[in-house]
1. Pick from the stretch 213-232 the residues that are within 13 Å of ALA121 (Cα to Cα) and under 19 Å from the mean Cα position of the chain (by Cα): which of them is surrounded by the most Cβ atoms within 10 Å (Cβ to Cβ)?
2. Just checking, which of SER199, SER265 is without any contact (Cβ under 8 Å) to a residue 12 or more places away in the chain, surrounded by fewer than 16 Cβ atoms within 10 Å (Cβ to Cβ) and not charged (D, E, K, R)?
3. Within the stretch 56-75, count every residue that is buried (at least 24 other Cβ atoms within 10 Å of the Cβ) and farther than 23 Å from GLY167 by Cβ.
4. Taking the condition of being among the aliphatic types (A, V, I, L, M), touching a strand residue (DSSP E or B) at 6+ places or on another chain (Cβ under 8 Å) and within 16 Å of GLY187 (Cα to Cα), how many residues in the stretch 271-306 meet it?
5. Scan the stretch 233-246 and give yes if some residue there is small (Gly, Ala, Ser), surrounded by fewer than 17 Cβ atoms within 10 Å (Cβ to Cβ), in contact with a helix residue (DSSP H, G or I) (Cβ under 8 Å, 6 or more places away or on another chain) and not in a helix (DSSP H, G or I), otherwise no.
6. Here's a check for you: in the stretch 280-297, which residue that is outside any strand (DSSP E or B) and of a type in the set (Val, Ile, Thr) is surrounded by the most Cβ atoms within 10 Å (Cβ to Cβ)?
7. Tell me which of these ALA111 doesn't satisfy, since it passes every other one: (1) over 19 Å from HIS188 (Cβ atoms); (2) among the aliphatic types (A, V, I, L, M); (3) surrounded by 14 or more Cβ atoms within 10 Å (Cβ to Cβ).
8. Given the structure, is VAL102 of a type in the set (A, V, I, L, M) and in contact (Cβ under 8 Å) with a residue 60 or more places away in the chain?
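The values are calculated or read from the model by the stated rules, or taken from the named source; none is laboratory data. As the structure is a prediction and not an experimental result, all values here were calculated from the model. Neighbour counts run over all protein chains shown; Cβ positions are idealised from the backbone, glycine included.
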Amino acid sequence: MKENGFKSIRTLEKALTVLGHAGLERRDLIVALGGGVVGDLAGFAAAVYLRGIPFIQVPTTLLAQIDSSVGGKTGVNLPIGKNLVGAFHQPRAVIIDTETLVTLPERELTAGWCEAVKNGAVGSRQLFDHTTEFLAAVRNKSGRLPFSQLELLIASQCAFKAAIVAGDERENVDRKDHLSRRILNFGHTVGHALEAVTSYRRFRHGEAVGHGMLVAAQISKNLGLLAASELELLRDTIRLCGPLPPARDIDDRAIMEITNHDKKSINGRVQWILLERIGRARIVDGLTIKPSLLRASLRAGLGSEQ
C-alpha cells in the first residue's frame with residue numbers, strides 16, 4: 001500500500017464505511033496486517049469507529065515491526081503534510097513474524113535498518129552496538145538474515161521504544177530530557193523535508209531518515225556537541241544499512257524552507273533532536289542554530305558518500 005495514494009482521509013472514509021456495512025460492534029476488533037501505512041490507517045479507523053474499538057497490529061515490514069506498530073500513534077496525511085490527522089490508540093497486541101521479511105525488496109529492509117540505527121543512536125550505546133554488529137554480520141553473509149539473531153534484535157528494538165512510550169505516551173511538548181518521546185524524531189526533521197521536496201517519489205521514509213540522521217549528527221558536531229569519531233561511527237553504521245538514494249543534488253534552500261514549517265515546531269521554532277554521543281540525545285531549540293551552520297551541515301551531511 002503506497003503512502004501517498006492510500007494514507008488519506010478518503011481512504012479512511014472508505015474503510016469506516018466498510019466497517020459500518022459489516023456491522024462491527026464495540027466488542028469486535030480490527031487486525032492491521034501489513035506495513036506502516038496499513039497499521040496507521042487501520043489503527044486510526046479503530047480509534048474513531050464507534051468512538052474506539054480494539055485493534056491488533058500484525059506488521060509485515062521491518063520498519064513497521066520496530067517502529068510504527070509500537071507506540072499507539074495512528075493517523076493519515078493531508079495534502080499539506082504527513083500525519084496531521086490522527087489519534088493515540090494503543091493496539092491490544094503486536095504480533096511479529098520475522099519470516100515475512102524474506103519477501104521484502106532490499107530497499108524496504110534498508111529503510112527499516114535506518115530506523116533501527118536511529119533507535120540505537122538516541123537510545124543506548126548497547127542497542128546501537130547490537131544493531132551495528134547484526135548489520136555487519138548480515139553484510140558478511142551477503143544479505144542473508146540470521147533469524148535467531150534477528151528475533152533478538154527486533155525484541156530489543158521494540159523493548160526500547162515501548163519503554164520510551166510508557167514514560168511519555170503522548171509526547172509531552174514540555175519535556176526536554178533525553179527520555180522524552182520526542183527523541184524518536186532524530187533524523188526526521190530533514191527526513192520529512194527530503195520526502196516533501198521530492199514529492200514523496202525518491203525516498204522511502206527510512207531512507208530519508210538515514211540522510212536526516214547524518215545531517216542532524218553533522219549539526220551536532222558543528223555545534224561542538226558530538227565528537228568527530230562518533231559522527232564517523234554513525235556514518236559507517238548507516239552505510240551498513242544499504243545504499244541510500246542520492247540527496248546531494250537537492251536544493252538546500254528548499255530543505256531549509258520546509259524544515260522551518262516542521263510539524264514538531266513549538267512556538268514557531270524547530271526543535272532539533274541532536275546527539276551528545278551515540279546513545280544520548282539532546283533536544284535543541286532551532287534558534288540556537290544559525291542558518292549558515294545549518295546550510296553547511298546540510299551540504300556536508302547530504303554530500304556524504306553512501
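1. ALA216
2. SER199
3. 2
4. Counting residues in the stretch 271-306 that are among the aliphatic types (A, V, I, L, M), touching a strand residue (DSSP E or B) at 6+ places or on another chain (Cβ under 8 Å) and within 16 Å of GLY187 (Cα to Cα) gives 7.
5. No, the stretch 233-246 contains no residue that is small (Gly, Ala, Ser), surrounded by fewer than 17 Cβ atoms within 10 Å (Cβ to Cβ), in contact with a helix residue (DSSP H, G or I) (Cβ under 8 Å, 6 or more places away or on another chain) and not in a helix (DSSP H, G or I).
6. Only one residue fits best here, namely ILE289.
7. With (1) over 19 Å from HIS188 (Cβ atoms); (2) among the aliphatic types (A, V, I, L, M); (3) surrounded by 14 or more Cβ atoms within 10 Å (Cβ to Cβ) applied to ALA111, the lone miss is (1).
8. no
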